[in-house]
Amino acid sequence: MAERLKAVDVVTVGVGLTGAILGKELAATGLKVVGLERGPMRDTVPDFQSPAIHDELRYAVRKALTQDNVKEAMTFRNSTGQTALPMRRWQGFMPGNGLGGAAVHWNGLTWRFQPADFVYRTHLEGRYGKGFVDSDLTIQDWGVTYAELEPHYDRFEYLCGTSGKAGNIKGVVQAGGNPFEGPRSREYPTRPMKEPYYGALFRKGAESLGYHPFPSPASTLSEPYTNPEGLSLHQCVFCGFCERFACEHFAKASPQTVILPVALKNPDYELRTGCQVLRVNLDSTGKKSTGVTYVDAAGREYEQPAELVLITAYSLNNVRMLLNSRIGKPYDPVTGEGVVGRNYAFQTMSYASVFYDQDVVINPFMASGASGTVIDDFAGDNFDHKGLGFIGGAYISATMTGGRPIEFHPTPPGTPSWGLGWKQAVARHYNHTVVLTCHGSSHPMRGNCLDLDPTYKDAWGQPLLRVTFDFPQNDVRMSRYVTDKAVGIGRAMGGKIVAGAPRERPYDSTIYQTTHNTGGAIMGNDPTTSAVNRYLQSWDVPNVFVVGASAYPHNASYNPTGTVGALTYWALDAIKNRYLKAPGALVPR
Amino acid sequence: MSRLSRRDVVTATGAAAAAALAIAPPEAAAQQAPPAAQPTVYLFFNTDEVAFIEAALSRLIPADDQWPGALEAGVANFIDKELNGAWGAGERLYRSGPWQPGTPSQGYQLPFTPAELFRTALAAITKELARAGTPFAKMSGEQQDAYLRSLEAGAADLGGVPSDVFFAHLWDAPVEGFFSDPVYGGNRDMMAWKMIGFPGAYASYYEVVDQHGMKLDRAPTSLAEDSHGHVHVQPVIPAGQR
């Protein structure tokens, strides 16, 4: 039987980005906080040090920083008519594991969503009329506005020290920034990163077509910075090992570099690693949580009573935690009823490869995960969609993230897939190719959802999460459109061969896109179509908050971490200033 | 085009880069002659398997007049050590049943670990070709390519392993071994990195990232180089080639 531990005020299920921020802040108010992290303790020193961290095979290919799917996998199918089978290896995406979570191995791209994203259905119907949006897309408003989130975006960017150039400060468009972005209250905390060659080539090509290039917003820092927590970050050295790696230089914002050291100094904060939370416990009414049950690394089971439970795991694991804890009504894709598992979305990525002659030396390995140049002209609703037959879009960028050759060895169309022709093409093109990214929005549709697998179990005997996903036709049409635009930029960049590869159905779980899984425990103002209210509080169990990209009703054209950070501070504000003063539902059902 | 000197990097980027460079002086690496190849010590593959793998590597990533191929780069050794270790035993592979074939978009669905998969498929290939009369290693290059293409097309069942699934593993392994750090026993003398111009595990390009189009004309560096430019292969993974 589980040993019952001494009660605490707050427990966080997971100590990644969201758990670290909330744990630190709530412990600072004098509450007793326990952070439960399933993976190991790890820190910049000694765990992320050079040269061992620059090991592509271990980290990028064997995925040493990713959730251990020997113990805990997920199942996948393209549609509800198929039998889901385990994703036996992580190939399509990489859920993090260990202290700091996926915010250790992220690239550092720190975007804001557009003001229109938060009032998505209202905005699109207002601009294009009812009936413009495909009827199978279950998009809806978020219940929060950009203006409400702006101070929290700002706080998160200043926590990270994000490098960039503002394009809009308090409604005034700024030269050199993104003219399409929502208004910011002030400039980025640090100046833009240096522009690598691939970024400069892209800038020139994009400008020649009348587009609006600007430096990619990067939490891999352009200059030394001390954040409001008093923690210092170094200047990024463009080593080319961000994505799938941890930063050795204290130059990439991560929980370890920007917030955890403060939490760990506070005696009211206790971190426990190696602790796998099995479920959030409920009392006999089913409307109040009494804490959580977890198993430690040695296999011992504990009950940790807590007044407030914050589910702060990776987005997909947040949803699984709700389902395994029987919190909220599971979504049924046949009837469209229920909320937990609803509006699962991902990202719609595509690429255009720009092949140059050998006198153009790109040096793709001189990079950070977030360095480069980008245009926002075809993202979200920044362009008129009338007559195009789709909604959404993509930012288009030259952000190459490094030239690690097991995974990066581009060859032009028509190259043999192995043998002498392949080898010579790799040697010929490796250092003379720029790959442009189209980072496309992903819209929820009725059949795309998350639930518990009826067959497959994890090492603790609990059902795996079942992911059902394919690209909506809307998103396939969008991908063709934006990829064409990227090909046009590639030609303007002077590429001798430009090869575009738009995203097509079916979604293939063996091909990496991003780790930007969203939805499943979405926020909103209607408890029949959302699992959490606008403050990320469970509609059903008010002393449970579910924090992360699981709250997104759709996924926008941008990397999601900036919005995860903003929503975390938004939820924190509601917990600190409203919930703790009068525990209970912050929005009446 | 500018040239990146060691002093530039040390001066520009401070302690972290200097520490990395202290163990990897490029002059030493560049001047050092490649050590003569010795026979690979195989820990996993048996004699029949070695004959197939070595011959297949010579076709998958062949040598040419400019650059060695996968075999010369020690990739057979890399694959042998990977299959003999945690990866071969199913590291990071969800192994619970039930087992059933899926769609291509659902990925690998066989109960075999990588070690079991190679052993099973290679035994079936050896048996089939013995019956047909010519082992793979004795075929002409053209015949070998045609046989590899037939595996890739997925026509055969190799003891329960569809031949296209085996081919996918047979192709992933040399790409990994050719381009991974030489500490794992392939990419000998960082020859694959030299071929493409990847500098390896350097710590910093801060001072040169905005010198657009520069040619970085220095030898690559490994995770395991000492101050004499020697790559020390992990002792528990005997590479057998040094």
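The values are calculated or read from the model by the stated rules, or taken from the named source; none is laboratory data. The model shown is predicted, which means the values in this text are computed figures rather than measured ones. Neighbour counts run over all protein chains shown; Cβ positions are idealised from the backbone, glycine included. Each accessible area value is taken on the protein alone, full model and side chains, heavy atoms only, with ligands, DNA and RNA left out. Shrake-Rupley method; radii C 1.70, N 1.55, O 1.52, S 1.80 Å.
One table, with the values for the structure above:
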item	result
Stokes-Einstein D (µm²/s) once Rh is taken as the Kirkwood radius of the range A:142-232 over alpha-carbon pairs, at 4 °C in 1.567 mPa s	91
Those residues of the range A:132-160 whose amide nitrogen sits under 13 Å from the label point placed on residue A:229, 7 Å along Cα→Cβ	A:156-160
The range A:523-567, Rg to Rh (Cα coordinates; Rh as Kirkwood inverse mean 1/r)	0.98
Peptide A:502-512, shielding by other chains (average Cβ, 10 Å cutoff)	2
Net charge of Cβ neighbours under 13 Å - reference residue B:45; Lys, Arg +1; Asp, Glu -1	-3
Calculated from backbone phi, Karplus (6.51, -1.76, 1.60) coupling profile of the range B:56-63 in Hz, x at Gly/Pro	5, 4, 5, 9, 5, 10, x, 6
FRET efficiency, residue A:45 to residue A:457 (Cβ-Cβ, R0 22 Å, nearest 0.05)	0.05
Compactness index (Cα Rg / 2.2 N^0.38 Å), the range A:469-589	1.44
Sorted largest first, extent of the range A:344-417 alpha carbons per principal axis (Å)	42, 31, 30
Accessible area buried at the A-B interface, both sides summed, 1.4 Å probe (Å², nearest 100)	5800
Column: log10 I(q)/I(0), Debye, Cα scatterers of the range B:98-190, q = 0.13, 0.20, 0.21 Å⁻¹	-0.54, -1.07, -1.12
Against the rule of thumb 2.2 N^0.38 Å, how large the Cα Rg of the range A:31-82 comes out	1.69
Cα-Cα separations in chain A greater than 30 Å, expressed as whole percent	49
Estimated 222 nm signal from helices in chain A, with DSSP H stretches of n ≥ 4 weighted -39500 (n - 2.57), rounded to 500	-6000 deg cm²/dmol
Added length on full extension, which subtracts the Cα-Cα distance from 0.36 nm per residue, residue B:47 to residue B:99	15.6 nm
Where the Cα pairs of the range A:233-390 fall when distances are cut into 10 Å bins, in %	7, 20, 24, 25, 17, 6, 1, 0
Beta bridge orientation in the protein assembly as shown: antiparallel %, DSSP, nearest 5	65
Farthest positive-ward along the protein assembly as shown dipole, Cα basis, beta-carbon charges - from A:570, A:548, A:525	A:525
Solvent-accessible heavy-atom area per residue, rounded to whole Å², over chain A at 1.4 Å	31
Amide proton proximity set for residue B:221, modelled H, under 5 Å, gap of 5+	B:200, B:201, B:202
At most 14 other Cβ within 10 Å, DSSP loop - chymotrypsin sites (Phe, Trp or Tyr not before Pro), the range B:194-225	none
Separation between Cα centres of the range A:163-200 and the range A:253-299, rounded to whole Å	37
Value of D in µm² per second that Stokes-Einstein yields for the range A:68-135, Kirkwood Rh from Cα pairs, at 25 °C (0.890 mPa s)	151
Amide H within-cut-off set for residue A:109, under 5 Å, with H built and near neighbours excluded	A:219
Where only alpha carbons of the range A:50-188 are counted, the Rg and the Dmax (Å)	20.4, 57
The range B:64-146: Rg to Rh, with Rh as the Kirkwood radius over Cα pairs	1.05
Relative contact order (%) - chain A, alpha-carbon pairs under 8 angstrom, separation at least six	22
Whole-Hz couplings from phi, Karplus 6.51/-1.76/1.60, listed for the range B:125-140; x for Gly and Pro	5, 4, 5, 4, 6, 5, 5, 6, x, 10, x, 3, 5, 9, 6, 6
Computed lengthening from residue A:358 to residue A:148, 0.36 nm per intervening residue step minus Cα-Cα distance	70.6 nm
Solvent-accessible area lost in complex, 20 Å² minimum, residues of the range A:230-250 relative to chain alone, 1.4 Å	A:235, A:237, A:238, A:239, A:241, A:249
Greater than 31 Å apart at Cα, pairs in A:496/B:81; A:194/A:496; A:252/A:496; A:32/A:288	A:496/B:81; A:252/A:496
Using distinct alpha-carbon pairs, which all enter the 1/r mean, Kirkwood radius of the range A:400-488 in Å	17.2
Residues residue B:217 and residue A:332, FRET efficiency given R0 of 41 Å [Cβ-Cβ distance, rounded to 0.05]	0.05
Efficiency of FRET between residue B:89 and residue A:91 - r from beta-carbon atoms, R0 22 angstrom, step 0.05	0.70
For the protein assembly as shown, size of Cβ-based charge dipole, Lys and Arg +1, Asp and Glu -1, in debye	1040
Hz values of 3J(HN,Hα) by residue in the range B:44-51 - Karplus curve (6.51, -1.76, 1.60), Gly and Pro given as x	10, 6, 8, 4, 5, 5, 4, 4
Under 5 Å, built H, 5+ apart or other chain: amide partners of residue A:279	A:293
Shielding by other protein chains, A:362-372, mean Cβ within 10 Å	4
Sparse-neighbour loop sites [trypsin sites (Lys or Arg not before Pro); the range A:453-508; at most 13 other C-beta within 10 Å; DSSP]	A:496
Shielding by partners, peptide B:207-217 (average Cβ within 10 angstrom, other chains)	6
Surface/4 of the Cα convex hull for the range A:309-434, nm²	13.6
Apportionment of accessible area to carbon and sulfur, the range B:142-210, percent (1.4 Å)	49
Potential lengthening between residue B:172 and residue B:63 on full extension [0.36 nm per residue; Cα-Cα distance subtracted]	37.4 nm
Loop chymotrypsin sites (Phe, Trp or Tyr not before Pro), the range A:114-187, which have at most 16 other Cβ atoms in a 10 Å radius of their Cβ (DSSP)	A:132
Percent breakdown of C-alpha pair distances by 10 Å bin, ordered from the shortest bin, for the range A:342-497	10, 29, 27, 22, 10, 1
Accessible area of chain A belonging to carbon and sulfur atoms, whole % at 1.4 Å probe	52
